[in-house]
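Below: one structure, written as structure tokens.
The values are calculated or read from the model by the stated rules, or taken from the named source; none is laboratory data. Small disclaimer: the values here were computed from a predicted structure and weren't measured. Because the Cβ atoms are built from the backbone with ideal geometry, glycine has one as well, and the counts that use them run over all protein chains shown. Keep in mind that these areas ignore ligands, DNA and RNA; they rest on the heavy atoms of the full protein, side chains included. Shrake-Rupley method; radii C 1.70, N 1.55, O 1.52, S 1.80 Å.
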2 protein chains.
Amino acid sequence: MSFAELNTPKRTIMTPGPVEVDPRVLRALSTPILGQFDPAFTEIMNEVMEMLRQVFQTKNHWAFPIDGTSRAGNEAVLSSLIEPGDKVLVPIYGRFGHLLVEICERYGADVHTIDCPWGEVFDSEVVIVEMKKVSPKIVAIVHGETSTGRMQPLEQIGKACRAQDVLLVVDAVASIGGVEVKTDDWCIDAVVGGTQKCLSVPSGMAPISYNERVEKIILSRKKVERGIATEDDNRYMRSSLPIASNYFDLGMLQDYWSPRRLNHHTEATSMVYALREGLRLVLEEGLDERFARHKFHEQALISGIEAMGLKLFGDPDNKLTCVTCVEIPPGVDGEAVRSMLLQEFGIEIASSFGPLHGKIWRIGTMGYSCRKENILSVLGALEACLIRQGAKVNRGEALQAALDIYESKEVS
Amino acid sequence: MSFAELNTPKRTIMTPGPVEVDPRVLRALSTPILGQFDPAFTEIMNEVMEMLRQVFQTKNHWAFPIDGTSRAGNEAVLSSLIEPGDKVLVPIYGRFGHLLVEICERYGADVHTIDCPWGEVFDSEVVIVEMKKVSPKIVAIVHGETSTGRMQPLEQIGKACRAQDVLLVVDAVASIGGVEVKTDDWCIDAVVGGTQKCLSVPSGMAPISYNERVEKIILSRKKVERGIATEDDNRYMRSSLPIASNYFDLGMLQDYWSPRRLNHHTEATSMVYALREGLRLVLEEGLDERFARHKFHEQALISGIEAMGLKLFGDPDNKLTCVTCVEIPPGVDGEAVRSMLLQEFGIEIASSFGPLHGKIWRIGTMGYSCRKENILSVLGALEACLIRQGAKVNRGEALQAALDIYESKEVS
């Protein structure tokens, strides 16, 4: 059996991740590699840390990627903080809240949850009251929940956690680079970002940042692995249990991302190149400008969807800018429409999970995919597919509504 | 603070990993991405599985990459097999044996070790006797130990493990794609490969393969995470403890790498492209031809090193083909030579760890870095740096000796 050269179709990717990668990031990926301890490479690592601090809007020293997909970032942070029996409060408003519960439980946490209906978010006061009742070590919460297209306000929760000396861990995988994530202002102690969403870098890395409150716990659990530990390392008096995972041990990872350059893993060179270029483009565009761009294209998409006669799903006051959830009209087979979009138009949109499966489509407008031609393509194609599937829509209205928005402003 | 475009120096990388990446793999990295459930992408995933089976020389169904660096592969396999209290025997003959111990201990194993001096390997009989004495659930061992440049013969150990119903887990990170790794013939139950060594793909993925004996344990611990578990999943009767890590849970990972396409993580698209191209090039070259190429260039390198008057380190009968360890001559500052090689010639070679730190250099001849011009460059530059540092060497002999080898055969 022999294998042909890689030959992929061209797609317009309008899911809530992974999304299209900026061609400049793709080019950076093809840069020849450097050794992990080459000073030219460690300088690039330092630059990535500084860029991440800016994107996370933090003065934290620690800001670096975990070599794994987004959930690896969540697991690195949570496994490095949680000791068996630790209380963690997880407010759940979609699938990725369940994932946080899952990770916490696997590391032996005593997990308390509160739920709200999918499509809504929590009143901050509800979370704060529960936090005071449970007195957890950690509140772990999702910022942008792609499964429902909602965004949880965090500022009040963060301030309350800080006042009660509770750690706030935030999954900002879907929001970082697309909407405001104010790590320091919102009193987030540890934050996890994703690459394949609003940063428009391929999946495979999870940038994280954490402050001294988190570092203190990590240092209390520090254990340098056999085979490379020095006598100093072995004399170190640990006051708590070592971290359960070797790969996700933030104590060793931060020694690797510091002048000590402790040889933990071999850094994923090409992905670091891609992340650096992705972050550079975000900073070149400007955070405020980038957030405004996401807002603007969201408006065009929403206008088109509504003009077509379709309904948006979920609480409009807490919509996640970069994910638009659309109710599948009664009688329409949602998967047939998605399949036709892909096969006839080369456009990918997403379904959802659990209680929303078969009820909504999710259209992402993230990073490099968040462009005028993509918004117009998806609106035009969706209308055609719906008509073809026998659905009633207002013909020809969607693109006119979106074009109206685009003509109203000089943003591209 | 603004950041310039990525601009990296050109290096000749002659370490035991990461090594230079084939330009065709670099090009594959820059392919625009596909969505993870796009049929065009899942077809690529299936191809990667088939290619991995061929490279691992196995009929195992399960063969796929873990999205993380090499040690993520070791941790995925060991954490999915080990329940607290399980006995694991780890024979240690270098740094990466210690890493296996470390991972096993963190997951609660009752670890038994045997040691042999760094630079040697175990007589298979010694391991087998210990295995019979300890009666472990698992023997975990490194195949190619880059820290010492040795290779452990596994065939007898594998057969003995199978006869005693002990699982054999092998770290073949450094050997896969450069020397023979006969997963099935040697009765290896789970094998972990590396990308950034003899496969010449960037770091960031760890291909693994395992058989039905391993799968049986994984299924006995199966737990599909909250938020995506179906009623069938929740009715599933687990006979053992769930796997401690969510990210490394092979039960969910194999559901992702199967027609079910369970939405665990978001596959690292660009790295899958790179891995596919790297594996394609290995299979196009042919496994036997590739192993012969590594042997041939090793011979040229060794001839040159010896002709210069330098001594090889370690037991010559069990040398790892793709890593050549050279004793640093008395009075020579090994780090000064390495630094001069990098700064003046753009060539990177490696030092070593623990008891060998400061005593040996390690020169890798792996994958795409294993080429005539690289071998000749490193020999010529090493001689010049040694002379410059005041060491006594046989001037002009190294390159002549290597050229003699190259002229003796028509292999390039």
Full extension between A:I387 and A:Q343 adds, at 0.36 nm per residue less the Cα distance, a length in nm of 14.2 nm
Using the Kirkwood formula on alpha carbons, the hydrodynamic radius of the stretch A:307-393 in angstrom works out to 13.4
Counting every Cα pair in the stretch A:22-282, what percent are over 36 Å apart?
-> 12
Say R0 is 51 Å: what FRET efficiency, to the nearest 0.05, do A:E155 and B:Q54 get from their beta-carbon distance?
-> 0.40
Taking amide H positions as placed in the peptide plane 1.01 Å from N, state which residues far from B:R150 in sequence (5 or more) or on other chains have amide H under 5 Å from it.
-> B:E145, B:L320
Computed helical MRE - 222 nm, chain A, DSSP H runs ≥ 4 contributing -39500 (n - 2.57), nearest 500 = -13000 deg cm²/dmol
Picking from A:N374, A:N234, A:N211, which is most flexible by a Gaussian network model of chain A using Cα springs under 10 Å?
-> A:N234
Looking at the protein assembly as shown, send over the antiparallel percent of its DSSP beta bridges, to the nearest 5.
-> 45
Could you tell me which of A:F248, B:T58, A:L52 has its Cα farthest along the dipole of the protein assembly as shown towards the positive end, charges placed at Cβ (Lys, Arg +1; Asp, Glu -1), taken about the Cα centre?
-> A:F248
Nearest-20 debye value, chain B charge dipole, Cβ charges on Lys, Arg, Asp, Glu | 300
Starting from a label point 7 Å past Cα on the Cβ side, list the distances from B:K409 to the same position in the other copies, nm, shortest first.
-> 6.5
Carbon + sulfur, % of accessible area of chain A - ligands and nucleic acids excluded, 1.4 Å = 48
Area of B:V179 that stays accessible when all protein chains are in place (1.4 Å probe, Å², to 10) | 10
DSSP loop GluC sites (Glu not before Pro) in the stretch A:45-152 with at most 11 other Cβ atoms within 10 Å of their Cβ, which ones?
-> none
Would you please name the trypsin sites (Lys or Arg not before Pro) within the stretch B:6-81 that are DSSP coil residues with at most 12 other C-beta atoms within 10 Å of their C-beta?
-> B:K10, B:K59
Assign unit charges at the C-beta atoms only (+1 for Lys and Arg, -1 for Asp and Glu), then state the dipole size of the protein assembly as shown relative to its Cα centre in Debye, rounded to the nearest 20.
-> 320
Expected max-MSF residue from B:A229, B:A391, B:A292 in the GNM of chain B (alpha carbon, under 10 Å) is B:A229
Sites B:L241 and B:N263, calculated FRET efficiency, Cβ-Cβ separation with R0 22 Å, nearest 0.05 | 0.40
Using the Karplus curve 6.51 cos²θ - 1.76 cosθ + 1.60 with θ = phi - 60°, work out ³J(HN,Hα) for each residue of the stretch B:265-281 in order, rounded to whole Hz, and write x for Gly and Pro.
-> 8, 9, 3, 7, 3, 5, 5, 5, 4, 5, 5, 4, 5, x, 5, 4, 5
How much accessible surface does A:S240 have with a 1.4 Å probe, in Å² rounded to 10?
-> 30
Under 20 Å from the 7 Å Cα→Cβ point of B:S220, by amide nitrogen: which residues of the stretch B:123-145?
-> B:132, B:134-140
Take every DSSP beta bridge whose two residues both sit in the stretch A:63-199, then give the antiparallel share in percent to the nearest 5.
-> 10
For the stretch A:90-217, the dipole about the Cα centre with charges only on Cβ (Lys and Arg +1, Asp and Glu -1), to the nearest 20 debye, works out at 160
Extension reserve of the B:A4-B:E43 stretch, reckoned as 0.36 nm per residue once the Cα distance is removed = 10.3 nm
For the stretch B:225-295, listing trypsin sites (Lys or Arg not before Pro) in a DSSP loop whose Cβ sees at most 14 other Cβ atoms within 10 Å gives B:R238, B:R260, B:R261
If the cut-off is 18 Å between C-alpha atoms, which aspartates and glutamates fall inside it for A:K137, apart from same-chain ones fewer than 8 positions away?
-> A:E75, A:E83, A:D86, A:E102, A:E105, A:D110, A:D165, A:D171, A:D189, A:E212, A:E215
Using a Förster distance of 56 Å, how high is the FRET efficiency between B:E212 and A:K132, based on the Cβ-Cβ distance and rounded to 0.05?
-> 0.65
Between the stretch A:144-181 and the stretch B:70-108, what is the C-alpha centre distance in whole Å?
-> 36
The protein assembly as shown - convex hull of alpha carbons, volume per residue in Å³ = 153
Counting only Cα, what are the radius of gyration and maximum Cα-Cα distance Dmax of the stretch B:74-121, in Å?
-> 10.8, 32
Choice from B:D22, B:D249, B:D333 showing the highest fluctuation, given a GNM over chain B with Cα pairs closer than 10 Å | B:D333
Computed over the stretch A:1-134, the relative contact order (Cα-Cα under 8 Å, seq sep at least six) in percent reads 15
Zone reached by a paramagnetic label modelled 7 Å from A:D232 Cα along Cα→Cβ, restricted to the stretch B:344-370 with backbone N below 16 Å, covers B:354
Pop out the Kirkwood hydrodynamic radius of the stretch A:183-309 from its pairwise C-alpha distances, inverse of mean 1/r, in Å to one decimal.
-> 17.9
Label distances, nm, B:T230 versus same residue in remaining copies, Cβ-directed 7 Å point | 5.5
Roughly how much of A:H112 is accessible, in Å² to the nearest 10, using a 1.4 Å probe?
-> 60
Cβ neighbours within 10 Å from other chains - mean over A:226-232 | 5
The lysines whose Cα lies under 19 Å from the Cα of B:K392, excluding any fewer than 8 residues away in the same chain, are B:K311, B:K359
Restraint check, B:K295/B:K409; A:K132/A:K182; A:K182/A:K409; A:K295/A:K409; A:K182/A:K295, Cα-Cα greater than 21 Å | A:K132/A:K182; A:K182/A:K409
